[in-house]
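Heads up: the structure comes next, in structure tokens.
The values are calculated or read from the model by the stated rules, or taken from the named source; none is laboratory data. Model, not experiment: these values are computed from the prediction. Reconstructed Cβ throughout: ideal geometry from the backbone, glycine too, with neighbour counts over all protein chains shown. Side chains included, ligands, DNA and RNA excluded: accessible areas come from the protein's heavy atoms. Shrake-Rupley method; radii C 1.70, N 1.55, O 1.52, S 1.80 Å.
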Amino acid sequence: MIKTFPIAAAALAAAAIASPSFAQSFSPSSGAVSGSGPIRIVQATSLYCNLSLEAMQLGPTSILIPTRTVSPMSQGSGFCLAMVPYGNWQADVVPGSSTSIALTLGFRTDVLQPCYGTVTASWNNATNTATINNAVLPLVNAGDRPCIISGVVRIPSLQVL
């Protein structure tokens, strides 16, 4: 009996660690959230634009971002109007972290070369902001240039738990 107790305790501890209650999740876990913020995209030129988005919850760990708009900022570039969001966008929690999220996003830029991929953004629950610092979005077509993206997008009602 004494020999089986450590095995049972180890099994119970392993089950507790694997429990979903220890995993990161988005809150709210249903409905829609929206946000916006300034971004800088560098490919052939450097563009300062405003990014607005509306996200629909897929589940507690993944958010689909079907609505996104890039527009000029007051001191930004008119070329932002040529900047078109590209591909399917989504946000995912990073397992084990409440201060990072994985963003899959892309742009067809001012030189009409698409870039698309997943980058890690810092997440701040106190300010409800995702911050991207000089992240590289890979090129889509051979010979195109990758994009470098930076910015801060505030999504007021979103938290990572």
### Computed FRET value (nearest 0.05) for Ser29 with Val140, which takes r as the C-beta separation and R₀ as 25 Å
0.20
### Task
Could you list the residues of the stretch 60-88 with an amide nitrogen less than 11 Å from a label point located 7 Å from the Cα of Thr45 in the Cα-to-C-beta direction?
77-83
### Message
Accessible area of the stretch 70-161 with a 1.4 Å probe: how many percent of it is carbon plus sulfur?
### Response
56 percent
### log₁₀ of I(q)/I(0) at q = 0.12, 0.29 Å⁻¹ - the stretch 96-161, Debye sum with one point per alpha carbon
-0.35, -1.20
